[in-house]
Amino acid sequence: GRLNIGSRPSRRASQGGLAELRAIPWVFSWTQSRVTLPAWFGLGGAIEGWAGGDERRWALLAAMYRDWAFFRTIVDNAQLALREADLLIARVYATLADPADREAVFPRIEQEYRRSEAALLRLTGQRDLLDTAPWLQLSIRRRNPYIDPMNYVQVALLRRLNAGADEPLAEALRDTVRLTVNGIAAGLRDTG
C-alpha cells in the first residue's frame, strides 16, 4: 500500500485484512516471490483432468495450440509465467510462513508447477518451456542472477521486520524492503 505503484488503493477497505486485498497487489506479491502462481496454477491439473491418457484429446490440444491463436496465446502466456517462476527462490519466501501452513501449501504449489510444465510441454511438443522463443529463454536466464540476490535480501529484511524490530529501525527496514520491491519489479519487468 505504501509503494505508490498502483492507480487504486491496495485494499478495498482501509482496515481490511487479506480478504480485502485487490487483485493487482495479490498478483504482484506472487510475482515478487517468484511463484507467478495466478498465471499457471490449476492449468496442468485441468489439462490432465480433461486429456488424461486419451491420445486423441492430446492431439486435439496440440492442434488447438497450432491452429488457434487465442489458445496459443493462453498457453504461451502460461509458459512464460512458468519459466519466470523460480521455485528455489519461492521456497525461501515460504520460510517466512508458519511451518504448518508452509507444509500444507507449498508442496501443492510445487506439484502443480510440475504438472503444468509437463502438460504444456506435451501439448506443445517442446523439450523445454519457451523453446519457440530462445531469445526469451536467454533473457530470463541472463537477468535472474541479478535479481536473485535482491530476493534473498528482501526475505532477510522481512524476517527482521517480522521478528519485531523497534521503531525507527522498523521504518528503516520497511524503506529498504520497498527498495527491494522496486528493484525486483524493475529486474523482472513486471509489476503483476
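The values are calculated or read from the model by the stated rules, or taken from the named source; none is laboratory data. As the structure is a prediction and not an experimental result, all values here were calculated from the model. Please note: Cβ atoms are built from the backbone with ideal geometry, for glycine as well, and neighbour counts cover all protein chains shown. For the accessible areas, the whole protein counts, side chains as well, though only heavy atoms, and no ligand, DNA or RNA atoms are used. Shrake-Rupley method; radii C 1.70, N 1.55, O 1.52, S 1.80 Å.
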**Request:** Return the pairs, sorted by first residue and then second, in which the second residue is among the hydroxyl-bearing types (S, T, Y) and assigned to a helix (DSSP H, G or I), the first residue lies in the stretch 137-153 and is on the phi < 0 side of the Ramachandran plot and open to solvent by 50 Å² or more (accessible area, probe 1.4 Å), the beta carbons are less than 6 Å apart, and the residues are 6+ apart or on different chains.
**Result:** M150/T180; V153/T180
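Among the candidates R142, R122, single out the residue that is at pLDDT below 95 and assigned to a helix (DSSP H, G or I). Before you say what the answer is, go through the steps one by one.
Details: R122 fails: at pLDDT below 95.
The conditions single out R142.
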**Prompt:** Of (1) under 16 Å from the mean Cα position of the chain (by Cα); (2) at pLDDT 90 or above; (3) within 27 Å of D175 (Cβ to Cβ), A78 satisfies all except one. Which?
**Reply:** (3)
**Item:** Within the stretch 94-134, considering residues that are among the hydrophobic types (A, V, I, L, M, F, W, C) and open to solvent by 50 Å² or more (accessible area, probe 1.4 Å), the one farthest from W58 (Cα to Cα)
**Value:** L96
**Asked** Does I5 satisfy being at pLDDT below 95, assigned to a loop (DSSP other than H, G, I, E, B) and either buried (at least 17 other Cβ atoms within 10 Å of the Cβ) or hydrophobic (A, V, I, L, M, F, W, C) (or both)?
**Response** yes
**Prompt:** Just wondering, is there one or more residues in the stretch 177-190 that are of a type outside the set (D, E), assigned to a loop (DSSP other than H, G, I, E, B) and exposed (fewer than 12 other Cβ atoms within 10 Å of the Cβ)?
**Reply:** yes
**Request:** Read through the list (1) surrounded by 14 or more Cβ atoms within 10 Å (Cβ to Cβ); (2) among the small types (G, A, S); (3) assigned to a loop (DSSP other than H, G, I, E, B), then give the number of the only condition that G164 fails.
**Result:** (1)
**Request:** Inspect all residues belonging to the stretch 90-97 and state whether any of them is in a helix (DSSP H, G or I), under 12 Å from the mean Cα position of the chain (by Cα) and in contact (Cβ under 8 Å) with a residue 24 or more places away in the chain.
**Result:** yes
